[in-house]
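The values are calculated or read from the model by the stated rules, or taken from the named source; none is laboratory data. Computed from a predicted model, the values in this text were never measured in an experiment. Backbone-built Cβ (ideal geometry, glycine too); neighbour counts: all protein chains shown. Side chains are part of the model used for accessible areas, which takes the heavy atoms of the whole protein and leaves out ligands, DNA and RNA. Shrake-Rupley method; radii C 1.70, N 1.55, O 1.52, S 1.80 Å.
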Amino acid sequence: LYSSAASDVYKRQKLQELQNADGAWSWYKGMPGSRSMTGYITELLVRLLLLTGQQNSADALSMQQRAFNYLHSQALQEYQNIRKAEKNGEKVKGLSDEALKYLYLVAISGEKMPLADNQTAYNYFLSKVGETLTSRSMANKALAAIVLDKAGRKQEALNFIASLKEFLTKTDEQGMFFAFNENPYTWGGLQIPAHVTVMEALELVSGDSSTVEEMKLWLLKQKQTQAWDSPVTTVNAVFALLQRGVNLLDNQGDVRITV
């Protein structure tokens with residue numbers, strides 16, 4: 001993100017080349033478009049704006065909009081499939097991880113629904129968010145809190161925040177963290193991305209900066225004692241450290257050492 005201008009252009013071009021005609025990205029070039037991969041890259045593009053406070057380049061904005069067009073179509077298709085299943089007598093409960101991530105991306109980006117059908121699908125999924133309160137996933141609870149807060153349902157969002165705090169552990173050495181992996185074998189269950197999403201929810205919904213700073217300590221300890229073991233976790237950790245709470249890159253003044 002902070003390399004030379006020429007390198008930035010090259011990276012954008014490579015990302016553009018990997019985006020399919022329908023706006024999706026695949027796990028590997030030549031494979032069908034992936035809803036989860038497209039959601040992940042769209043999240044990075046949206047977070048870049050949140051991190052820098054500057055408008056993304058025209059190329060990045062174009063990729064983001066094409067990706068949202070794909071995500072809109074996928075959400076609408078999911079909604080239509082649910083309605084068909086309900087007409088056949090099936091009872092569909094809860095909200096899929098993909099639909100929740102879609103609501104979250106719409107919430108933090110300010111994306112508008114392109115058509116009335118998309119708005120209907122969005123409203124349906126939004127009506128299901130409250131059912132996520134009983135979820136065992138901390139990441140999903142955090143996403144739900146942000147979605148509800150952006151939708152103006154403040155008290156419901158705060159209920160999710162209260163539930164998240166019940167699972168936090170605190171030590172002097174590591175700060176605040178969740179003392180378990182949600183599900184290390186799923187894309188959304190990686191520990192550091194889940195930790196970062198909770199930090200985002202705590203600050204955006206409840207303004208709890210003190211807890212966010214305690215959770216930053218755990219992130220730094222992970223780097224010190226182990227590793228941010230993948231590009232996914234590293235990007236999430238860097239975003240959290242720079243965007244949430246106190247900016248660790250700010251000048252803290254002179255350091256004086258006396259012997």
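Below are the figures for this structure:
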| read-out | value |
| --- | --- |
| Normalised contact order of the chain, rounded percent, pairs of Cα under 8 Å and 6 or more residues apart | 13 percent |
| Protein accessible area in the chain, 1.4 Å probe - carbon and sulfur % | 52 percent |
| Residues of the chain: accessible area per residue with a 1.4 Å probe, Å² | 55 Å² |
| Simple label model, 7 Å out from Cα along Cβ direction - Met31 to Lys14, nm | 1.8 nm |
| Mean Cα-pair separation over length for the stretch 1-81, i.e. relative contact order, pairs under 8 Å, 6 or more apart, % | 29 percent |
| Probe 1.4 Å, all protein chains present, accessible-area order of Phe167, Phe68, largest first | Phe167, Phe68 |
| GluC sites (Glu not before Pro) within the stretch 102-175, DSSP loop, no more than 12 other Cβ atoms inside 10 Å | Glu166, Glu173 |
| Dipole of the stretch 81-234, positive end: most advanced residue of Ser209, Met176, Leu133 [Cβ charges, Cα centre] | Leu133 |
| Using alpha-carbon coordinates, inclination of helix 58-87 to the longest axis of the chain, degrees | 50 degrees |
| Computed [θ] at 222 nm, helices only, for the chain once each DSSP H run of length n ≥ 4 contributes -39500 (n - 2.57) | -20000 deg cm²/dmol |
| Within-12-Å neighbourhood charge of Lys29 [Cβ basis; K, R +1; D, E -1] | 0 |
| q = 0.20 Å⁻¹, the stretch 7-154: log10 I(q)/I(0) [Debye, one scatterer per Cα] | -1.31 |
| Alpha-carbon centroids, the stretch 124-154 and the stretch 22-72: separation in whole Å | 22 Å |
| Calculated diffusion of the stretch 82-139, Stokes-Einstein form, Kirkwood radius summed over Cα pairs, 10 °C and 1.306 mPa s, µm²/s | 126 µm²/s |
| Solvent exposure, largest accessible area first (probe 1.4 Å, DNA, RNA and ligands not counted), of Arg12, Arg47, Arg35, Arg136 | Arg136, Arg12, Arg35, Arg47 |
| The stretch 190-215 and the stretch 86-122: distance between their alpha carbon centers, rounded to Å | 24 Å |
